[in-house]
Amino acid sequence: MTPESMMETVCLDITESTKTLFETMIMMDLKYDEASLVDDTQIKTDVIGMVSFTGKYHGVIALFCSKTFALKVASALLMTELNEFTSEVKDAIGEISNMIAGNVKTKLTAQYGDMHLSIPIVIAGEGLSITAVNNHPVVAETTLSCFSKDPWLMTPFVSNNEKFNIGLLLRESNK
Amino acid sequence: MPKVLIIDDSAVMRKIIQRNIQQSGLLVDEFVEAGDGREGLEKAISNNIDLILCDWNMPNMTGIDFVKAFRSSGQKSNIPIVMVTTEGGETKIEEAKSNGANGYLTKPFTPEQLKSKLGNFLLVK
């Protein structure tokens, strides 16, 4: 399987996993479009929920969304109205990212052998951009540094009239 | 009435599991929470726990390391452990069961799936 076709397969797994999550624990409507390659300079976001995986293939699965969407989806998950961006909202975004990545990882493991999943990292701010910088001692950036020239394969979603994206960076290990 | 220990590094997930158990009609008297396997081990030994629900990927001590440590401690060996985790692969399920886990539930889950898995260990109203 070529890396390009594998990335397409993983994107389908991401869509399927996100759909399952929204149907079982979030109970919000969900629409999605085809994935496309997005350069990191084009990414502007408020919240990033990121999980990395290592094994025969290594990569990052990241949820990019606005604060408004983060509040809506955390409220739905917790069945409580949340109006402020608290640590509980960040925790919820981390768990959502974790459940999507975990299910993708299970599918990848079945095909390519065991993989290790990281604990989720959540970054929140205003109009964040994401750039992979080499030789930088920040964990999130170190995770991304090996992909510094790779574009994200981004799947766009819409739920509750809010857009969000799930991005994928993927590479065969030792290459 | 039973006391349930929930080991998960996400406070949100601990809250969701509690809410789902309460809404499903499963009888639980008290929930005890732990944020990783190490804290879970202390609480499992020092409390009168009837059922343990345990995540897999956690800092300090993972869920599988908790299962191994708790089962090899020789203490309270009859307490059932159900893994509640995003790790859904057959190999992981086998590994958990061969080390002493009694049940396995993959996240995300519906309230019905949770009730079905825990119904073997808890009474229903």
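The values are calculated or read from the model by the stated rules, or taken from the named source; none is laboratory data. This structure is a prediction, so every number in the text was calculated from the model and none was measured. All Cβ positions, even for glycine, are placed from backbone atoms using ideal geometry, and neighbour counts span all protein chains on display. Quick note on the areas: whole protein, heavy atoms, side chains included, nothing else; ligands and nucleic acids left out. Shrake-Rupley method; radii C 1.70, N 1.55, O 1.52, S 1.80 Å.
Looking across region B:48-69, the residues that are more than 14 Å from every other protein chain (Cβ to nearest Cβ) and touching a strand residue (DSSP E or B) at 6+ places or on another chain (Cβ under 7 Å) come down to B:ASN48, B:ILE49, B:ASP50, B:LEU51, B:ILE52, B:LEU53, B:CYS54, B:PHE66, B:VAL67. Checked against (1) assigned to a loop (DSSP other than H, G, I, E, B); (2) at pLDDT below 95; (3) surrounded by fewer than 16 Cβ atoms within 10 Å (Cβ to Cβ), A:ALA132 passes all but condition (3).
Candidates are the residues of region B:6-61 that are in contact with a Cys (Cβ under 9 Å, 6 or more places away or on another chain) and among the β-branched types (Val, Ile, Thr); the one that is farthest from A:LEU117 (Cα to Cα) is B:ILE6.
Scanning region B:24-55 for residues that are out of contact with any Pro (no Cβ under 6 Å at 6 or more places or on another chain), touching a residue at least 40 places away in the same chain (Cβ under 8 Å) and either aromatic (Phe, Trp, Tyr) or open to solvent by 60 Å² or more (accessible area, probe 1.4 Å) (or both) yields a single hit, B:ASN48.
For region A:24-60, the set of residues classified as over 17 Å from A:LEU170 (Cβ atoms), open to solvent by 70 Å² or more (accessible area, probe 1.4 Å) and hydrophobic (A, V, I, L, M, F, W, C) consists of A:MET27 only. Restricting attention to region B:90-115 and to residues that are more than 25 Å from A:PHE22 (Cβ to Cβ) and either in a helix (DSSP H, G or I) or within 13 Å of another protein chain (Cβ to nearest Cβ) (or both), the residue that is least open to solvent (accessible area, probe 1.4 Å) turns out to be B:ALA96.
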